[in-house]
Each structure stands twice: as C-alpha cells, then as structure tokens.
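Visitor: Please see the structure below; I have some questions.
The values are calculated or read from the model by the stated rules, or taken from the named source; none is laboratory data. What you see is a predicted model, and the numbers here were worked out from it, not measured in a lab. Reconstructed Cβ throughout: ideal geometry from the backbone, glycine too, with neighbour counts over all protein chains shown. Remember, those area values only see protein heavy atoms, side chains included, never the ligands or the DNA or RNA. Shrake-Rupley method; radii C 1.70, N 1.55, O 1.52, S 1.80 Å.
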Amino acid sequence: FPSHDTASSRHSLKNLYLSMHFYPLFYVYILKCADESYYVGMTNNIEKRINEHQSGKYPGSYTYERRPIELVFYETFTDPDTAYMFEQKIKKWSRAKKLALIEENYHKLPELSKKKFRKKFGITKRIL
C-alpha cells in the first residue's frame, strides 16, 4: 500500500476494505480434469470448492472420476446473477473457445463464435 496519505490512496484502501468485509465475491471457474476435459462452475468460496473437487466430496459429480483436477481460470464477481449468467454462457462454449479464454487470447473469442455460427447454419462465405 502507498506510504503517503492521499485522497486516492485512502479511497483505494477503503474500497479494498469494503470488498473484503461487506461485498461477498462470487467466482466462475474452469477446472482442467485428468482426462483433459474442462469443468465450469460457480462458487462463493473458491478455495473450499476446489478442495471439494480435489478430494472427491461428491461421488457421482462430473469431476469425481476425473481427478486430479487443476484450476486453470477464474473470474470474480460481486453480483451473483452476473456470475451465474457468465457461468451458463461459458458452459456452452466449445473447447477451443474455453481454451482461448484460459490462455487470455481474448481476440480469438469473436472468431471462434463466428465459425460455430457459420458451421451450424451451413454458411460458407462471408457476405460483406
């Protein structure tokens, strides 16, 4: 933290304090499973949830037979509805698009969406 006492540093410290104590965080995460598949989930306690996946707390769950798992991506949210919508959105993504997100190749995301759309509807040429 800054050693000098300025309005901006006080504001930053205040926001950090508020986020830690009053605004719960929600996490959308991607796990890479032992079989190389990806699992997308949401939680309000990522450390606890990853430990549950790794320990096999829930027999019959997707990750149970696919351990060990590795956390390869997570994003934080303060609004649970926004987190849930993001989780549902990326659950539908292709493996290639999830990988682009994991590798922070954000510029590839729109093109990966377009290819899927064109293939789904039999579009072979772009019309400009």
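Visitor: Quick one: what are the phi-derived ³J(HN,Hα) couplings along the range 71-84, Karplus 6.51/-1.76/1.60 with θ = phi - 60°, whole Hz, x for glycine and proline?
Guide: 6, 10, 7, 8, 9, 9, 9, 9, 9, x, 5, 5, 4, 4
Visitor: Given labels modelled 7 Å from the Cα in the Cβ direction, how far is it in nm from TYR62 to ASN44?
Guide: 2.2 nm
Visitor: Would you pull out the residues with amide H under 5 Å of PHE73's amide H, same chain only if 5 or more places away, H placed 1.01 Å from N?
Guide: The list, which skips near neighbours in sequence, is ILE30.
Visitor: Are any of the pairs LYS32/LYS108; LYS57/LYS97; LYS57/LYS108 more than 24 Å apart by Cα-Cα distance, and if so, which?
Guide: LYS57/LYS97; LYS57/LYS108
Visitor: Hey, another quick one. So what does GLU104 come to for accessible area, using a 1.4 Å probe and Å² rounded to 10?
Guide: Roll a 1.4 Å probe over it and GLU104 shows about 120 Å².
Visitor: Taking R0 as 25 Å, what's the FRET efficiency between ASN51 and PHE86 from their Cβ-Cβ distance, rounded to 0.05?
Guide: FRET efficiency, ASN51 to PHE86: 0.65.
Visitor: Net charge near ALA34, counting Lys/Arg +1 and Asp/Glu -1 over other residues with Cβ under 13 Å of its Cβ? Walk me through the numbers before you get to the answer.
Guide: On the way: positive: LYS32, ARG66, ARG67; negative: ASP35, GLU36, GLU65, GLU70.
My count for the surroundings of ALA34 gives -1.
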